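The values are calculated or read from the model by the stated rules, or taken from the named source; none is laboratory data. Predicted model only: the values in this text are computed from it and were never measured. Cβ atoms come from the backbone with ideal geometry, glycine included; neighbour counts cover every protein chain shown. Calculation scope for accessible area: heavy atoms of the full protein, side chains included, ligands and nucleic acids excluded. Shrake-Rupley method; radii C 1.70, N 1.55, O 1.52, S 1.80 Å.
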Amino acid sequence: MTQPSDACITLPDTALTSYFRSAGEMLAEESVLLGAVVTGILASQVNLSNKAIIAQLMAMLKTTEDAVKSDVIRKTLEIVVNHTSDDL
């Protein structure tokens, strides 16, 4: 079983962090994916922003051929878009 990631602590938007924390195991796969995306963005020394997270998820969605992974990516992307404010 996957464990929710602690990378959500570093998210730029507190509403998104709160949403994932309150969902618990219901969004475990999405939380792990989001944590991996955040970790990748931070490792590449790109500014962590909602826009960077969305761009990374969209790129992943375009390249995956696995239907199950695609669903997890799509759901994560929807959550990020719906629970974050626009970057300035």
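Restricting attention to segment 59-70, which residues are of a type outside the set (Lys, Arg) and surrounded by 14 or more Cβ atoms within 10 Å (Cβ to Cβ)?
Those that are of a type outside the set (Lys, Arg) and surrounded by 14 or more Cβ atoms within 10 Å (Cβ to Cβ): MET60, LEU61, THR64, SER70.
Please find, among LEU27, LEU77, the residue that is in a helix (DSSP H, G or I) and at pLDDT 95 or above.
Values: LEU27 fails: at pLDDT 95 or above.
None of the other options fit; the residue is LEU77.
Select from segment 56-65 the residues that are out of contact with any helix residue (DSSP H, G or I) (no Cβ under 9 Å at 6 or more places or on another chain) and not β-branched (Val, Ile, Thr) and list them in ascending order.
ALA59, LYS62, GLU65
Please go through (1) touching a helix residue (DSSP H, G or I) at 6+ places or on another chain (Cβ under 7 Å); (2) modelled with pLDDT of 80 or more; (3) over 18 Å from VAL72 (Cβ atoms) for THR10 and return the number of the only condition it doesn't satisfy.
Failing condition for THR10: (2).
Does ALA55 satisfy the condition of being open to solvent by less than 90 Å² (accessible area, probe 1.4 Å), at pLDDT below 90 and not hydroxyl-bearing (Ser, Thr, Tyr)?
Judged against the criteria, ALA55 is not a match.
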